[in-house]
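Q: Have a look at this one before I ask anything.
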Amino acid sequence: GIMTSDGGKLNLRKDNGLVKDVFRTRHMRRLTGQMGIGHVRYPTAGSSSPALAQPFYVNSPYGLSLVHNGNLTNTKELLRDLFKEDLRHINTDSDSEALLNVFAHELQRRNKVKATPEDVFAAVAGVHNRCRGGFACVVMIAGYGLVGFRDRNGIRPLVFGSREGENGKEYMLSSESVALDSQGFTVERDVAPGEAVFIDVKGNFHSQLCTEPGEHTPCIFEHVYFARPDSLMDSISVYKARLRMGERLADKLLRQRPDHDIDVVIPIPDTSRTSALELANRLGIKYREGFVKNRYIGRTFIMPGQSQRRKSVKQKLNAIELEFRGKNVLLVDDSIVRGTTCQQIIQMAREAGANKVYFASAAPAIRYPNVYGIDMPSASELIAAGKTDEEIEKAIGADWLIYQDLDDLVATASEGNPAIKKFECSVFNGEYITGDVDEIYLRRLENTRNDNAKKSKKKKSSQHKEQNLVSDFQNDS
């Protein structure tokens, strides 16, 4: 979704689908104004209903809209308090809508006809006092400006840059630096953990630390999977981190099997290519592209349903037989989540004539749910949960399976920025840095976010078609 502010008018367009399909030329022409916010979403909570697409909007105070990357761990308590104490009605179960209403309430408490930067920063401080979890947010305040802020541990990324425009300096905030690059902005820096930056409508830049920052622990999975390789995150090159993942994994492979019989290294496109290429170079083995990818099929591990994920793998990849026939192949992927993809890919390799199929993961075994904004919260859906490496090897049908060590993975990122000593690695080690995630919370996640629960939500959503409410802003459909 995208919302823009054009004087006293707000323009909104949001829907399900790819960006290129949702935003046609006719829609973009209507999204006029001097500032705006945008968001692309996959559901970490709730359903995939268009009503849950961001930005979210509230009219009071001033007219606020929010986009949010991450996940709050105390949403249930926030929704209760917002309704009972703050007297605010929430239309969905989205943590993003809850977060927006917390910010709105904290800003309204300042009781100002005209808000100042100090009022904005006080509202952000109120958000930090009440909200737990991982979050990076941008809020558009109609008639005032844009504010961006990040959780006190810096779990989710947020960076800003600037460029010279026709009317002076322009600013942009984004989850990844590559978005700034593509629009001609020069990266200034990352928003610090606990910091807020505010750009007013006159183009003035303000920043302030709004809470006592915790230990800076960015999510390591951004480097493993989510981020584009040409991005910088917390001054770490994602590309170089993935190169180092390949080097470290090759070194471990040589320690375990110095007399290996691998003929060729083949990546599972696309994310693993960088690591696989460096691994092959380190081993002195041929690197080959053995799979052709259909780019119009989405990321399989975040698809809402196991049957859809299984169907998607066959549609997504096709093997080049001549790269497999009669060879011992080492397949390399960035990680193994549910195991759906690698099981079928290993079978595809065998059907293409591979003699032996080995499998290497550039990340350690994912054994625990994520609660900070990645859609793999149900432990029962993780193939590595409660299993040994040998059991996983058998389950996916590989002749041999090798995982990256966690210490090595952390080193691949920290070498890019030695100031960061620790990363958020809960999916690998079960340690949740916010300190508020217990077994009760994880059981609740298990019951509400597994595939069966998602199917139930999808069914209810289809039975109760959402109505788009339009108040004082325009929804161009």
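Q: Considering each of Glu247, Glu222 in turn, give the residue that is in contact (Cβ under 8 Å) with a residue 24 or more places away in the chain, in the same structural domain as Ile374 (by TED's automatic domain parsing) and not β-branched (Val, Ile, Thr). Outline the logic, then answer.
A: Values: Glu222 fails: in the same structural domain as Ile374 (by TED's automatic domain parsing).
Matching residue, one of Glu247, Glu222: Glu247.
Q: Can you name the residue in the stretch 111-125 that is closer than 20 Å to Lys202 by Cβ and not in a helix (DSSP H, G or I) and, of all such residues, is modelled with the highest pLDDT?
A: Thr116
Q: When the residues of the stretch 271-300 are filtered to those that are of a type in the set (D, E, K, R) and surrounded by 13 or more Cβ atoms within 10 Å (Cβ to Cβ), which remaining residue is farthest from Ala227 (Cα to Cα)?
A: So the first thing to find is which residues in the stretch 271-300 are of a type in the set (D, E, K, R), and the list is 273, 278, 282, 286, 288-289, 293, 295, 299.
Cutting the leftovers down to surrounded by 13 or more Cβ atoms within 10 Å (Cβ to Cβ) gives us 273, 278, 282, 286, 288-289, 293, 299.
Details: Arg273: 13, Glu278: 18, Arg282: 24, Lys286: 27, Arg288: 23, Glu289: 22, Lys293: 19, Arg299: 13 Å.
Checked the stretch 271-300; the qualifying residue farthest from Ala227 (Cα to Cα) is Lys286.
Q: Follow-up question, since we're still on this one. Any residue in the stretch 103-110 that is under 30 Å from Thr448 (Cβ atoms) and of a type in the set (Lys, Arg)? So that I can check it myself, show each step before the final result.
A: If we filter the stretch 103-110 for residues that are under 30 Å from Thr448 (Cβ atoms), which is where we start, we get 103-106.
Now restrict to residues that are of a type in the set (Lys, Arg): none.
There is no residue in the stretch 103-110 that is under 30 Å from Thr448 (Cβ atoms) and of a type in the set (Lys, Arg).
Q: What do you reckon, is His68 closer than 23 Å to Arg152 by Cβ, in contact with a Ser or Thr (Cβ under 6 Å, 6 or more places away or on another chain) and not in a loop (DSSP other than H, G, I, E, B)? Lay out the reasoning, then the answer.
A: On the way: closer than 23 Å to Arg152 by Cβ: yes; in contact with a Ser or Thr (Cβ under 6 Å, 6 or more places away or on another chain): yes; not in a loop (DSSP other than H, G, I, E, B): yes.
Against the criterion (closer than 23 Å to Arg152 by Cβ, in contact with a Ser or Thr (Cβ under 6 Å, 6 or more places away or on another chain) and not in a loop (DSSP other than H, G, I, E, B)), His68 qualifies.
Q: Count, please, the residues in the stretch 337-396 that happen to be aromatic (Phe, Trp, Tyr) and either in a helix (DSSP H, G or I) or touching a Ser or Thr at 6+ places or on another chain (Cβ under 7 Å) (or both).
A: To start, the set of residues in the stretch 337-396 that are aromatic (Phe, Trp, Tyr) comprises 358-359, 368, 372.
Next, only the ones that are either in a helix (DSSP H, G or I) or touching a Ser or Thr at 6+ places or on another chain (Cβ under 7 Å) (or both) stay: 368.
Total meeting the criteria: 1.
Q: Would you check which residues across the stretch 268-294 are outside any loop (DSSP other than H, G, I, E, B), of a type outside the set (Val, Ile, Thr) and out of contact with any Phe, Trp or Tyr (no Cβ under 8 Å at 6 or more places or on another chain) and list them? Before the answer, list the steps.
A: To start, the set of residues in the stretch 268-294 that are outside any loop (DSSP other than H, G, I, E, B) comprises 273-283, 286-287, 291-293.
Of the ones still in play, those that are also of a type outside the set (Val, Ile, Thr) are 273, 275-283, 286-287, 291, 293.
Matches in the stretch 268-294: Arg273, Ser275, Glu278, Leu279, Arg282, Leu283, Lys286, Tyr287, Phe291, Lys293.
Q: Which residues, counting only those in the stretch 407-429, are over 21 Å from the mean Cα position of the chain (by Cα) and charged (D, E, K, R)?
A: Across the stretch 407-429, the qualifying residues are Asp407, Asp408, Glu415, Lys421.
Q: Would you point out the residue of the stretch 127-155, among those that are part of a helix (DSSP H, G or I) and out of contact with any Cys (no Cβ under 9 Å at 6 or more places or on another chain), that is surrounded by the fewest Cβ atoms within 10 Å (Cβ to Cβ)?
A: At the first step, the residues of the stretch 127-155 found to be part of a helix (DSSP H, G or I) are 127-130.
Those still in the list that are out of contact with any Cys (no Cβ under 9 Å at 6 or more places or on another chain) too: 129-130.
Working: Asn129: 11, Arg130: 20.
Of everything passing the filter in the stretch 127-155, Asn129 is surrounded by the fewest Cβ atoms within 10 Å (Cβ to Cβ).
Q: Could we say that Lys169 is touching a strand residue (DSSP E or B) at 6+ places or on another chain (Cβ under 7 Å), surrounded by fewer than 24 Cβ atoms within 10 Å (Cβ to Cβ) and either more than 30 Å from Ile220 (Cβ to Cβ) or not assigned by TED's automatic domain parsing to the domain that holds Asp190 (or both) here? Explain how you work it out, then say what you get.
A: Values: touching a strand residue (DSSP E or B) at 6+ places or on another chain (Cβ under 7 Å): yes; surrounded by fewer than 24 Cβ atoms within 10 Å (Cβ to Cβ): yes; either more than 30 Å from Ile220 (Cβ to Cβ) or not assigned by TED's automatic domain parsing to the domain that holds Asp190 (or both): yes.
Yes.
Q: Report whether or not Tyr403 is touching a Pro at 6+ places or on another chain (Cβ under 6 Å), closer than 17 Å to Val332 by Cα, crowded, with 22+ Cβ neighbours inside 10 Å and assigned by TED's automatic domain parsing to the domain that holds Lys252.
A: The answer is yes for Tyr403.
Q: Only one residue in Ile302, Ile346, Ile374 is at pLDDT 95 or above and of a type outside the set (Phe, Trp, Tyr), so which one is that? Before you say what the answer is, go through the steps one by one.
A: Values: Ile302 fails: at pLDDT 95 or above; Ile374 fails: at pLDDT 95 or above.
Only one candidate passes the filter, namely Ile346.
Q: Scan the stretch 162-180 residue by residue and report those that are within 19 Å of the chain's Cα centre (by Cα) and touching a residue at least 24 places away in the same chain (Cβ under 8 Å).
A: Answer for the stretch 162-180, where residues must be within 19 Å of the chain's Cα centre (by Cα) and touching a residue at least 24 places away in the same chain (Cβ under 8 Å): Leu173, Ser175, Glu176, Ser177, Val178.
The values are calculated or read from the model by the stated rules, or taken from the named source; none is laboratory data. Note that the structure is a prediction, hence the values are computed from the model and not measured. Backbone-built Cβ (ideal geometry, glycine too); neighbour counts: all protein chains shown.
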